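Chemist: To start, I am sharing the structure in question, which I have written as structure tokens.
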Amino acid sequence: MLVAAAAGAAQQGSGDPARPQPPERTGRPDPFLQPNQPQQPRDPLDPVWGTLPRPSFDGFPVFPSRLSGYGGYPQPARPLQPGQLPTVQFPPGLMPLLPVAAPEPPGWPAWVRLAEREPLPFAPDRALLVQNSDRVWWRGTTDEPFVPLFFHDKLRALEPGAEVEVRQSGEFELLLHTSSRVVATGPTELRLVAMDAGHVELDLRSFTRLRVQARDRDHVLRLPDGSRLEAAAPAPDEAAPGPVLLLLQRADEPSRYGGRATIFNIGARPVRWVHAFGTTTLEPDHRVTMFLRPPAIAVGAGLAELGGRAEPTSGGRALDFRGADDAELSWCGARFQVGAGSVLRLDAGQGAPFAPIPLTSNDTP
């Protein structure tokens with residue numbers, strides 16, 4: 001009897017008078033339901049448009065068997081050869097309406113031309129400075145002061161001898177007569193040394209991140225450590241695989257360490273890096289790390305021969321030492337004992353430290 005009474009009390013909802021009971025959902029009918037669908041009770045506080053109707057899936061569309069025009073594209077009358085593009089035959093009266101665009105006159109890109117100002121000079125000895133973000137400073141010659149480019153005047157035509165600086169934060173871009181493009185981000189000091197029809201030379205005194213794209217002319221980029229990057233122009237009868245594309249990025253470290261940077265060749269042509277210890281050919285997809293400070297004193301090889309005979313080979317890059325009884329050879333802190341009938345070869349890897357020093361007019365042969 002107690003079990004039946006407890007069950008009856010639970011069914012009547014009088015088990016816990018302190019707990020609020022949910023209101024009975026007796027609202028207006030749902031107007032989005034179809035006439036043959038059962039009406040669901042709704043809360044009077046809920047808006048009618050709170051629940052959107054969901055269409056039922058009726059299957060995929062079925063097209064009639066006589067419907068044509070799907071997949072019936074014009075086919076070439078002859079099979080295509082490797083590297084040949086297909087030619088589409090248009091039906092009569094359905095020729096394309098867009099005319100062929102006329103070639104643009106030689107000049108700076110269209111995105112830097114302004115209709116409200118005079119055209120900028122376009123010549124091999126001119127460069128176009130574009131400010132991408134504040135603040136960029138420039139001056140035409142060393143006798144002039146540096147002035148900033150304002151947000152409403154971001155273009156300047158520069159001549160050889162001009163300088164561009166970013167002292168704190170900013171980004172600028174240099175366009176050089178259809179042959180080069182330099183994009184610098186962060187603190188930078190750049191000087192235009194020379195520009196003519198066949199040669200471009202830039203002096204990079206400091207940089208943070210630099211992207212250099214070069215083509216058609218010989219390019220020389222001087223680096224802060226005294227080295228330089230050389231990119232030769234392709235021969236007139238030679239098809240270049242692509243432009244020279246270099247990415248120079250400074251390491252994020254305190255300046256008291258002297259600073260380091262990386263040179264990454266992401267282009268399709270090799271570049272020469274001429275430094276204090278020789279010449280390195282930077283092939284595509286290769287990267288080198290350099291110091292930003294020039295070497296203070298060139299350290300000699302310290303080659304010492306004792307009891308043997310040394311002969312330079314490979315243009316001074318390598319050295320062959322023919323040994324003898326009690327013969328020794330020391331170089332760069334290493335000492336080798338070479339017996340009779342043995343030959344020791346030293347290969348520097350880069351540069352030519354074993355090449356004979358040429359005599360000058362003041363030297364005595």
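Chemist: Across the range 163-186, which residue is farthest from Leu248 (Cα to Cα) among those that are assigned to a strand (DSSP E or B) and small (Gly, Ala, Ser)?
Modeler: Across the range 163-186, the extreme among qualifying residues is Ser180.
Chemist: Name the residue that is most open to solvent (accessible area, probe 1.4 Å), counting only residues in the range 271-282 that are out of contact with any Phe, Trp or Tyr (no Cβ under 8 Å at 6 or more places or on another chain) and more than 13 Å from Val244 (Cα to Cα).
Modeler: The extreme case among them is Phe277.
Chemist: If I ask for residues that are aliphatic (A, V, I, L, M) and part of a loop (DSSP other than H, G, I, E, B), which ones from the range 236-252 would you list?
Modeler: The answer is Ala239, Ala240, Ala251.
Chemist: Also: Is it the case that Asp285 is at positive phi, modelled with pLDDT of 85 or more and open to solvent by 50 Å² or more (accessible area, probe 1.4 Å)?
Modeler: When the stated conditions are applied, Asp285 passes them.
Chemist: Return the residue satisfying two criteria in turn: it lies in the range 237-272 and is over 13 Å from the mean Cα position of the chain (by Cα), among the hydrophobic types (A, V, I, L, M, F, W, C) and closer than 21 Å to Gly226 by Cα, and of such residues it is modelled with the lowest pLDDT.
Modeler: Ala251
Chemist: Another question, if that's okay. Would you mind finding the one in Pro294, Pro356 that is touching a residue at least 24 places away in the same chain (Cβ under 8 Å), surrounded by fewer than 14 Cβ atoms within 10 Å (Cβ to Cβ) and closer than 30 Å to Thr208 by Cβ?
Modeler: Pro294
Chemist: Of the residues that sit in the range 187-211 and are free of Cβ contacts under 8 Å to residues at least 40 places away in the same chain and not in a strand (DSSP E or B), which one is surrounded by the fewest Cβ atoms within 10 Å (Cβ to Cβ)?
Modeler: Gly198
The values are calculated or read from the model by the stated rules, or taken from the named source; none is laboratory data. A quick note: this is a predicted structure, and the numbers were derived from the prediction, not measured. FYI the Cβ positions are ideal-geometry reconstructions off the backbone, even for glycines, and counts take in every protein chain you see. Heads up: the accessible areas ignore ligands, DNA and RNA and are worked out on the full protein's heavy atoms, side chains in. Shrake-Rupley method; radii C 1.70, N 1.55, O 1.52, S 1.80 Å.
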